[in-house]
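K.L.:
What follows is a structure written as structure tokens; I'll ask about it next.
The values are calculated or read from the model by the stated rules, or taken from the named source; none is laboratory data. Computed from a predicted structure; not experimentally measured. Here Cβ is always computed from backbone atoms with ideal geometry, including for glycine, and neighbour counts include all displayed protein chains. Areas reflect the complete protein model, heavy atoms only, side chains present, ligands, DNA and RNA absent. Shrake-Rupley method; radii C 1.70, N 1.55, O 1.52, S 1.80 Å.
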Amino acid sequence: MNRAAAVTAARRRPLRVVQYGVHDPSYPRNSRLRAVLEGQLGARVRVVRRSRAGARPLRALRDLRSLCRAAAGADLVVLSEFRSSQALVVRAVASLSRARLLVDCFVLSHETAVGDWGRPSPRSPGALRLAVLDALAVHCAHLVLTDTEPRAAELVRRHRPAAVVLPLAVGAPGWARWQPPPEPHDDLRVLYYGGYVPLHGVDLVVDALAAIDGRRDVSMVFVGDGPDRGRIEARVAGLGPGVRCEFVGAVPESELRGYVARADVVLGVFGTSVKARGVVANKVWQGLACGRSVITQRSSALAPLAAVVGGSLVQTEPGCASSLAQALVDVRPSTPSTDVDVHRRLDELVAASWQPLAGHLMALVRGDRRARHGRGARSGTGRDREGR
């Protein structure tokens, strides 16, 4: 077969993609990415799930073996969210097959452990190690994914990567669809759900409940478990009689819609970290898609959603309990006349943010296939022209 025929054959065969380190194939970011790869590019995607059984060294060896087997002959390797610390190893394995590497930097190590939790100390060797892992994740990738424009800008500012950093909106899962409002009631029904992580700023929520000071009756439901749940329960026990709080353990995602449907307001995030100021949390998308008012702290990342949902999205001043308290006093629950198409508009917003992905991927893979068949085979030539 001559060179031209080889290139033509390579272009005709389906893209071979490995989605590696997947913790849950149904997780929205995983499933949306496969939908683009399979639906728009006709790719054949092989999902390699992370190991969960056995000691950590054994899990690491099993994962590496699975990656090496799956990556043989692949055009593209996708390193899934929550696994960015493995980027250097995955890049090395992908390079053996001359495959491109896409890294989903949806959650990075340093920004979560140090920025959110404050552990380890920012000046410690452990913090430096995590910072290096985050930098490697960005610099090893031929294409970097994140979730919002502010977070993309922060990655570019901090790491100056050669690769494109592409923000892809999280969106709401299929169960989050408009729900009729609850029957009329006198109190304001507020819902928090999550893991009591610093990103959510639950302490500020309790401060805000205390600051309401009888101006409105509030029934607050906390759903989920986490290391700080007991402490939060102890704090709300001292609130005044106008605030009633109920704590529910973690529930399956399939049950969340029922809790959202019974609420007037869903709370977003109120943390103080850089990440907290740049994310749009899952619960924000989900609450809005279900037709509920959502209160969350102000962020430029929310601008696209605000343009779609209008007054249903209430933004408070970051770090300000009195601003959140005032929002809870002033907010008005949804009514039966609320726009029932809100979830469709949010879906369209998400689809628009994902639209450029297919073009970026094809540019990367085309450059790699040309290199394999003799075009731009010298280091960096043909590949850099394709958008690296």
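K.L.:
Taking N as the number of residues in the stretch 156-306, what is its Cα Rg relative to 2.2 N^0.38 Å? Each step should come with its number before you reach the end.
P.N.:
On the way: Rg = 16.5 Å, N = 151, 2.2 N^0.38 = 14.8 Å.
Ratio of Cα Rg to 2.2 N^0.38 Å: 1.11.
K.L.:
Specify the residue with the greatest mean-square fluctuation among Val309, Val248, Val45, computed from a Gaussian network of the chain linking alpha-carbon atoms under 10 Å apart.
P.N.:
So, out of Val309, Val248, Val45, the one fluctuating most is Val248.
K.L.:
Taking the convex hull of the Cα atoms, report for the stretch 1-154 its projected area averaged over all directions, in nm². Kindly include the intermediate steps, with their values, before the conclusion.
P.N.:
Numbers: hull surface 43.5 nm².
Spelled out: convex hull of the Cα atoms, projected over all directions, averaged, 10.9 nm².
K.L.:
Also, quick follow-up: What residue among Gly118, Gly171, Gly271 has the largest mean-square fluctuation in a Gaussian network model of the chain, using Cα springs under 10 Å?
P.N.:
Answer for the Gaussian network model of the chain: Gly118.
K.L.:
With everything on Cα atoms, drop me the angle between helix 342-372 and the longest principal axis of the chain, reported from 0 to 90° to the nearest 10.
P.N.:
Around 20 degrees separate the two axes.
K.L.:
Moving on. Quick one: among Ser254, Ser95, Ser85, which has the greatest mean-square fluctuation in a GNM of the chain with alpha-carbon springs under 10 angstrom?
P.N.:
It is Ser254.
K.L.:
Enter the accessible area per residue of the chain (Å², integer; probe 1.4 Å; all protein chains in place). If you can, show how the numbers build up before the last one.
P.N.:
Numbers: 17530 Å² over 388 residues.
Value returned for the chain: 45 Å² of accessible area per residue.
K.L.:
Could you work out what % of the accessible surface of the stretch 49-149 is carbon and sulfur, using a 1.4 angstrom probe and leaving DNA, RNA and ligands out of the count? Present the calculation step by step, with values, prior to reporting the outcome.
P.N.:
On the way: 2820 of 4670 Å².
Using a 1.4 Å probe with all protein chains present, the stretch 49-149 comes out at 60 percent carbon and sulfur.
K.L.:
With a 1.4 Å probe and all protein chains left in place, how much of the accessible area of the stretch 219-350 comes from carbon and sulfur atoms, in whole percent?
P.N.:
Working: 2870 of 5460 Å².
Its accessible area is 53 percent carbon and sulfur atoms.
K.L.:
What FRET efficiency comes out for Ser322 versus Val248 if R0 is 22 angstrom and r is the Cβ-Cβ distance? Round to the nearest 0.05.
P.N.:
Numbers: r = 28 Å, r/R0 = 1.25.
That gives a FRET efficiency of 0.20.
K.L.:
Using only C-alpha atoms and all pairs of different ones, pull out the Kirkwood radius for the chain in Å with one decimal. Working shown, then result.
P.N.:
Details: mean 1/r = 0.0442 Å⁻¹.
In the chain this quantity evaluates to 22.6 Å.
K.L.:
Once phi is turned into θ = phi - 60°, what whole-Hz ³J(HN,Hα) does the Karplus curve with 6.51, -1.76 and 1.60 give for every residue of the stretch 124-131, x standing for Gly and Pro?
P.N.:
These are the phi-based 3J(HN,Hα) values: 7, x, x, 5, 4, 4, 5, 5 Hz.
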